[in-house]
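Here, each number is a calculation from the coordinates, and none is a lab measurement. Quantities reported herein were computed from a predicted structural model and do not represent experimental measurements. Don't worry about glycine lacking a Cβ; one is built from the backbone with ideal geometry, like all the others, and counts go over all protein chains shown.
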Amino acid sequence: MSTSITVRDIDPADKSWLKREARHVGVSMEEFVRRMIHEKREKTEGRPKPSEAFERYFGERHGVEIPTGPRYGYKPLSFAVEDGQ
């Protein structure tokens, strides 16, 4: 399965930079762009939370019920009037 992307109206300076960088690395311009996209995607995806990793391997799809997390909140203060004061 081959997929191609055509970029129109690219700045000539950007195109020449891409060609130079690709030549420097020793790959085609298309491969260089592919690697840049892959690298950017890896950086932006980030690491999953521990709960997400746990759910991926032991979640409901694998027959394990995941407990809900504790619910934190504040309890409003109430002042009681004591007898004798």
- Highest mean first, what order results for 36-42, 54-60 on Cβ atoms within 10 Å? 54-60, 36-42
- Message: Using 0.36 nm times the number of residues separating Val33 and Asp83, minus their current alpha carbon distance, what extension gain do you get?
- Response: 10.1 nm
- How much FRET efficiency would the formula 1/(1 + (r/R0)^6) give for Glu21 and Glu45, where r is the Cβ-Cβ distance and R0 is 30 Å, rounded to 0.05? 0.80
